[in-house]
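Enquirer: Quick one: structure below, then a few questions.
Just so you know, all these numbers are worked out from the coordinates, no wet-lab data involved. These figures come from a predicted structure and were not determined experimentally. Don't worry about glycine lacking a Cβ; one is built from the backbone with ideal geometry, like all the others, and counts go over all protein chains shown.
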Amino acid sequence: MNNGIITKAAALRIALAARTLPEVNMAGLVAKLGEHLGLPVTEDKLSKMTVADLKLILSGEETVEPDVDEATIKLAVRQFWGESGDASDLPDFDAYTDGDLPGSLRVAVASNTDENLDGHFGSCPRFLVYQVGRNDIRLIDARSTLITDDAEDKNVARAELINDCQIVYVQSIGGPAAAKAVRANVHPVKIPEGGSARDTLARLQTVLDAPPPWLARILGVEAKSLSRFAELEED
């Protein structure tokens, strides 16, 4: 379809991008894109969109709230480029059978691209799932969030999608969404700077033998930082 305003392929890209943006007004977004890029809006024009372009477009109140987080904006731009953010750009999964890593944690990572921690809890296209032991990190699954799009409460559905994980690492998460993750027994950890998922999990490994209180509760052990007080109490 090409009605002189937007091509069919471009409309699909815009629809996918709009899905990642909270409270977006679709008609307003299309209008702003037309003003910014010129008509007709085509795939070629969308492929040249930048984060700065989208921030400028989103600054209009009639389009979307202006405080959209950086991770969501980057994901929307990739959708404009035609990059789906699905599992096709993932490395192979590592071999894993339940029980392979005794005492390990199952950790989800909000991811937009490759094997990176670069996603917002509420808009990332997938969660990478790792089994993290003291000496090993294995990527065991990648769970698409598309199945949560039609849920009455998307954040509850996303939390349920990873409720076999004890921890979820995110670049960004809102307070209400964090509370819903906690109710699903998934502890959210925000890493605003993002980065490599494996590098983040390697840092987690370094504290498994002396966990801080929040991690000790998850592991069901005594926090190392509190153990000296227990010893004094016994004395």
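Enquirer: Give a residue-ordered list of calculated ³J(HN,Hα) values for region 23-37 (Karplus: 6.51 cos²θ - 1.76 cosθ + 1.60, θ = phi - 60°; whole Hz; x for Gly, Pro).
Expert: Rounded to whole hertz, the list is 6, 6, 9, 4, 5, x, 5, 4, 4, 5, 5, x, 5, 6, 9.
Enquirer: Here's a follow-up. Taking amide H atoms as placed 1.01 Å from N in the peptide plane, list the residues 5 or more away in sequence, or in a different chain, whose amide H sits under 5 Å from that of ARG126.
Expert: Those qualifying (amide H under 5 Å, at least 5 residues apart or on another chain) are SER111, THR145.
Enquirer: Express the relative contact order of region 88-219 as a whole percentage, based on alpha carbon pairs under 8 Å and six or more residues apart in sequence.
Expert: After rounding, I find 25 percent.
Enquirer: Let me ask another. So if each residue of separation counts as 0.36 nm, and I subtract the Cα-Cα distance between LYS55 and ALA157, what length gain in nm does that give?
Expert: 33.9 nm
Enquirer: What residues have an amide H closer than 5 Å to that of LEU21, excluding those fewer than 5 places away on the same chain, when H is modeled at 1.01 Å from N in the peptide plane?
Expert: Under 5 Å from the amide H of LEU21: no residue qualifies.
Enquirer: Can you give the relative contact order of the chain as a percent, counting alpha carbon pairs under 8 Å and 6+ residues apart?
Expert: It comes to 14 percent, rounded to a whole number.
Enquirer: Give, rounded to the nearest 20 debye, the magnitude of the charge dipole that the chain has about its Cα centre when Lys and Arg contribute +1 at Cβ and Asp and Glu contribute -1 at Cβ.
Expert: In debye, rounded to 20, the chain gives about 440.
Enquirer: For region 8-81, state the average projected area of the convex hull of the C-alpha atoms over all orientations, rounded to one decimal in nm².
Expert: 4.0
Enquirer: Oh, and also: Quick one: which residues, 5+ away or cross-chain, put their amide H under 5 Å from the amide H of ASP141? H built at 1.01 Å from N.
Expert: Excluding prolines and chain starts, which carry no amide H, the hits are VAL129.
Enquirer: Quick one: if you take sqrt(5λ) for each eigenvalue of the C-alpha gyration tensor of region 67-176, what semi-axes come out, biggest first, whole angstrom? Let's see the in-between values first.
Expert: Numbers: eigenvalues 119, 51, 31 Å².
So the three semi-axes of region 67-176 are 24, 16, 12 Å.
Enquirer: Using Cα pairs under 8 angstrom and six or more residues apart, how large is the relative contact order of region 8-81, in percent?
Expert: Rounded, it is 47 percent for region 8-81.
Enquirer: A further question on this structure: Place the peptides 124-132, 70-78 in order of packing, highest mean first, counting for every residue the other Cβ atoms within 10 Å and averaging per peptide.
Expert: Sorting 124-132, 70-78 by mean packing, highest first, produces 124-132, 70-78.
Enquirer: Continuing with this model, one more query. List, in the order given, every pair from LYS48/LYS154; LYS55/LYS180; LYS45/LYS74 whose Cα-Cα distance in the structure shown is over 19 Å.
Expert: LYS48/LYS154; LYS55/LYS180
Enquirer: How far is it, in nm, from the label point at ASP209 to the one at GLU43 when both lie 7 Å from their Cα along the line to the Cβ?
Expert: Placing both labels 7 Å along Cα→Cβ, they lie 5.4 nm apart.
Enquirer: Helix 224-234 versus the longest principal axis of the chain: what angle, 0 to 90°, nearest 10, using Cα atoms?
Expert: 30
Enquirer: At 222 nm, what value in deg cm²/dmol follows for the chain if DSSP H runs of at least 4 each add -39500 (n - 2.57) and the sum is divided by all its residues, to the nearest 500? Don't jump to the answer; show the numbers that get you there.
Expert: Working: 10 runs with 92 residues, N = 235.
After summing the helix terms and dividing by residue count, I get -11000 deg cm²/dmol.
Enquirer: Return the sequence-ordered ³J(HN,Hα) values of region 124-135 in whole Hz as given by the Karplus equation 6.51 cos²θ - 1.76 cosθ + 1.60 applied to θ = phi - 60°, using x for Gly and Pro.
Expert: 4, x, 7, 10, 7, 10, 10, 9, 10, x, 5, 10
Enquirer: Then there is this: Pulled fully out, how much extra length does the chain show between MET26 and ARG134, if you take 0.36 nm times their separation in residues and subtract their Cα-Cα distance?
Expert: Contour length minus Cα-Cα distance gives 34.2 nm.
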